[in-house]
C-alpha cells in the first residue's frame, strides 16, 4: 500500500521532527535518568555515579511520601468527580436540548483558561479567612444561611485540602469530559437503540445494554487523560498556595528541591518516578489505541 | 422538540416533566459554573474604592474600568511576549505536524507502526522529567533568557499533537487524490504543499488553535526558560497576582485580561477548539 | 534503509539547526551590550540598560528599592532600568527563578542575596565576581562593621555589597488590643506569652498571627533564640549545640504551643496580610522583622507607639538577630559597567541613607547620618552600635543556613508544624546539618 513512491523526500519531511522528538523526549528522559543516579548537588552539574542512593533517600523522605499520598487523593477525587459530572452533563445534553450550543460553550470555556488564572480565581473563592476578612464561598454560604458548609478548603488539615484543589481542576476540565461522552453517546446510532426498544426493552434498559458497552472506550480515554493530567499538575497548585505542604505533590516538590534546594539529582529522581507513574497509565493506552485502529 | 433531528419516537407520559427537570438542572449547573466568572467580572469592573474581599459577591455600584487601566501597563509586556511566542510556535509546529501527519497517513514505511506511537508518547510526558536536561542543552545553545528557546520547545513538544491531528485528517482523505497528483508527476513535497495542505485547512485551524492555546497557557516552560523581560503572560500574571499582597481586584482584572485571547479564540472558533480536544483523546 | 535514514537525519540536523537559527534570530531579545573588561573600569558606562533582580514587592518592601533605583536613574538618565521582581515574601519564589537564570548563564546585572550562607553556593559555583577590588577602591573596609565583613569574606574575598541591616527578633503589637485585654506590656518570655494568650483568647482576640511557611520559620528561629539564648542558638548552626538535646526539644515544643495560639490554620499568603488582623484589632501580636515597620508606618499610615508598637521578641532582650540584604555582581552580567556603578551607589553613604530610612532598616555602614533614623529605627540603630549587645544570624533569612540545608529544614518544618513531633524534627535537622557539612 505504498502511496508515496519516492521515499527520499518523505523521509526528509519527517526527519527533523523525528530527530527533535528523539532528542527532546527520549534523549532528555535518558539524560534525566542519568542525573537521577548521579550526585549532582549545587549549581554546577556533576555526574558521578551514585547508584540508587537518591531513590533510597526518597523512599524515606516523608515530604515525598506525603506528596505521593496527596497526588493519589487528588487523582481519585479529580478523576472520579470529573467523570461523574462530565457524564451527567453529557446525558443532560445528549437528547437535543434547545440552546445546546450555549450550554456546551459554558461548560467548556474553562478549558481555554490557563491554570494560573484558574488558580487565582479559586484561591479567593476557597479562602478560609474568617471574621471581617471572610470572603469567597464561605462568605456566600454564610449569607445564604448555609454557613455550616463553610470550611477551611485547601488549608484544611485533612486530605480535604488537596481534594478541594481538585474542585478547581474539575471545574477546568469537566467540559472536556462532557464533550468526550457527548461524542461517544452520539456515536451510538439511534437505530441500535430503536432496535432494542422495539425488542421491548425500556428506555433505561436500552441504554444499559446498548449504550453502556459502547461507552467503555470513552470512559477509558477519559480516565487516562484525567489521570495523566492530575499526576503532572503543577501550575494550578503552584499558583494556589505554592509552599503549602497540605497540597504539595511530587511535581511541586521536584521544583523546589531542584531549583531552590539545588539538589538536582533528587529532583531528577522524583521526575523519573513521575514519568514511570504516567507511563504505567499511558503506554497501555497508546498501545491499545494504535492497535485497535489498525484492526479494521 | 429537538434540535438535533433525533427521530420521532413515542414518549412516555412522563416526558414533559423529565424535560422540565432537565432544563432546571442544566440552568442550575450553568449558574454553578459561572460563579467564578461572576466574581471575576464583577470585581474587575468595580470602582477600586468599592472593592474588598468581603464584598466579593456584591454587584458594583457603578461600572469602572479603572482597575483594568491600572493593571494593563504591568501586564502588557507579558502579553506582548506571549503573542510573539505563541503565534510562531503554533504555526511552525502545525506546519511540521502537517508534514508528519501526511507522511504517516499516506506512506506506510517499514517501522511506521512503531514510530507513530513513539511520537504520541511525547504528548503525555510530565515536563518535570525533561526539565533539567532541557535547561542544560538550551543553555549550551544560548537559548535561555529570551523567547527563542521558549518558542523552540513549544514547537517541539507540540509536534505529537499536531502530527496526530493531521494524521487523523489525512487518513480520511482518499488515496486517489494523492495518487492522481503523483501520477501527474508531482513530487512528494509538491503534493503536500499544493494538494494535501489546501484540503487540510480545517485540520490546520484545529492544530494552530490548539497549539496557540497550550502555548499561551503554559507556565512551567516560561518560568524556566525566560528572564523577566521575556516572561510570558502566565508568569507575569502569577507574579502580579500570585501573592495576596496584590489588591484583590487587581488580581482579578489581571487574570481576566490574561485570559482574553484564548477565550476569544474559544468563543469565535469553538468548533475547531473542540476537535483539538477530541484529537487529544487519541480517538479522532 | 536504516543507514540511509541516518545519513538523512544527519543532514536534516544541520538543516533544522539552520532553520531554527533563522527563526530564533528574528526574535532575539538581548541588546547585546558589551560586558566591561577587567576589574576596575574607569570612565562613563556605555550600556543603556540595567536589570536589577530582587524579591521586593508590595507595600513596605518595594518603596526602599524604588528610592534607590530612582537615585540610580537620576545619575544615569539615559539608562532603561529593568526592575526584575519576583513576588513572594523573603525571596521564597525568587530563589528558584534566580537559580534557573544563574545556572543558564543568563544572570541579571545585579541581584539581591542575604549576606551569609545563602550566597555560598553562588560563590562555590563561581557565579558571582570577587568584589574585593571594589571594597579597596571605595575604602569600604573601614566603613562596614568588622563582624559582618568577616562573615561575608570567603577565602579572603568578598562577593557582595551589603546595603542594610534588618532585625529579625521583634514582636509587633496593637497597643489598643493589649489595653482592652488588660495587658500591661508585651511578654518578656514565651511562657509569659502563653499566659497572655489565654487572656487574649478569652477576650476574643487572636494572640498571634502568622503567614506562609517562611514566616513560620521566622517565628521558629526567634522562639529558639528566646528559649535557648544567643550562645546555644548560634551553636545550632556550627554543631556545638546538639539538636537532639532536651533543651532544644523543649524549645521546639514551646514553638508548637505558641503556634497553637496563632491563626496558623488560616495563615495568610504573605507577611503583609498577616499583619492586617493586628492592625484591624482582631489580633494582638506578630513576630516579624523590621521591614514590617514600613508597612505599618508608610503603607498603612499608622503612628508608631500609639497605633502600633514593637519590642524584642520574648526572651531576646539584649540580643540582635540580624540579617542583611546585599547586592552582587554576577559573572557574565550583561551590563557590567552599570552593575559596578549600581554597587558603588548601593555601598555609598548617600545610597544607604536614601534606601534605609524608607526600607525600614538601618544602614550597613557605620558612618550613616543617624538623624535620618527616627521613630522605630532609633532602637535598632542604638542596639546595633551597642557593644554589649549579642549578635546572632537569622535562619529564615539565609545568614546561618543556605541552599540545600535550608530547604531540608523547610521540608522538616512542614512536617513538624503538622505533626508537632519535636524529636523527629530535631533528628531530621541534625541529619540534614551533617549531610551538608
**Request:** Please give the length that would be gained between residue A:143 and residue A:52 if that part of the chain were fully extended, namely 0.36 nm times their separation in residues minus their C-alpha to C-alpha distance (nm, one decimal).
**Result:** 27.2 nm
**Item:** With Cα atoms, 0 to 90° folded angle of helix C:2-25 axis to chain C main axis
**Value:** 70
**Complete:** At R0 = 22 Å the Cβ-Cβ FRET efficiency linking residue C:75 and residue C:133, nearest 0.05, sits at 0.55
**Request:** For chain C, set up a Gaussian network in which alpha carbons nearer than 10 Å are linked by springs, and say which option among C:156, C:191, C:367 fluctuates the most.
**Result:** C:156
**Request:** Return the distance in nm (one decimal) between the two label points of a simple spin-label model at residue C:344 and residue C:257, each offset 7 Å from Cα along Cα→Cβ.
**Result:** 5.7
**Fill in**
Ordered by fewest other Cβ atoms within 10 Å, a rough proxy for footprinting exposure, C:254, A:178 read C:254, A:178
**Within the protein assembly as shown, helix-based [θ] at 222 nm, where runs of 4 or more DSSP H residues each add -39,500 (n - 2.57), nearest 500** = -19000 deg cm²/dmol
**Asked** Picking from C:161, C:331, C:115, which is most flexible by a Gaussian network model of chain C using Cα springs under 10 Å?
**Response** C:331
**Prompt:** Hey, rough spin-label estimate for residue C:434 and residue C:141, points 7 angstrom out along Cα→Cβ, what's it come to in nanometres?
**Reply:** 4.0
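Which FRET efficiency value, to the nearest 0.05, do you get for residue A:157 and residue B:180 by plugging their Cβ-Cβ distance into 1/(1 + (r/R0)^6) with R0 = 51 Å?
Rounded to the nearest 0.05, the efficiency is 0.15.
Given Cα pairs under 8 Å that are at least 6 residues apart, what percent is the relative contact order of region A:55-294?
In percent, rounded to a whole number, it is 28.
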**Request:** Using a Förster distance of 30 angstrom, determine the FRET efficiency expected from the C-beta separation of residue A:212 and residue B:20, and round it to 0.05.
**Result:** 0.70
**Fill in**
Final fewest-first order of C:290, C:383 on the 10 Å Cβ neighbour count is C:383, C:290
**Request:** May I have the convex hull volume per residue, in Å³, for the Cα set of region A:55-294?
**Result:** 172
**Asked** In a Debye calculation with equal point scatterers on the alpha-carbon sites of region B:112-227 and no solvent, what is log10 I(q)/I(0) at q = 0.24 Å⁻¹?
**Response** -1.32
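Count, for each residue of B:29-41, the Cβ atoms from other chains sitting within 10 Å of its Cβ, then give me the mean as a whole number.
Details: counts 8, 4, 1, 1, 10, 2, 5, 12, 5, 0, 8, 6, 0.
Averaged over the peptide's residues, the number is 5.
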**Request:** For region B:159-212 and region A:231-296, write down the distance between their C-alpha centroids in whole Å.
**Result:** 33
**Complete:** region A:39-104 and region C:201-238 have their Cα centres apart by a whole-number Å value of 35
**Message:** With angles folded into 0 to 90 degrees, how steeply does helix C:349-359 sit against the dominant principal axis of chain C? Use alpha carbons for both and round to 10.
**Reply:** 50
**Item:** Pair residue B:269, residue B:72: separation of 7 Å Cα→Cβ label points (nm)
**Value:** 2.5
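What percent does the relative contact order of region A:175-296 come to when contacts are Cα pairs within less than 8 Å and at least six residues apart?
Dividing the mean separation by the residue count of region A:175-296 yields 20 percent.
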**Message:** Give me the three principal axis extents of the protein assembly as shown from the C-alpha atoms, as integers in angstrom, largest value leading.
**Reply:** 94, 71, 56
**Asked** Taking springs between alpha-carbon atoms closer than 10 angstrom, which of B:180, B:227, B:82 fluctuates most in the Gaussian network model of chain B?
**Response** B:180
**Complete:** With Cα coordinates, the longest principal axis of chain C makes an angle with the long axis of helix C:213-238, in degrees rounded to 10, of 80
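Read-outs throughout are calculated quantities, based only on the coordinates presented, and are distinct from any laboratory measurement. These numbers come from a predicted model, not from an experiment. FYI the Cβ positions are ideal-geometry reconstructions off the backbone, even for glycines, and counts take in every protein chain you see.
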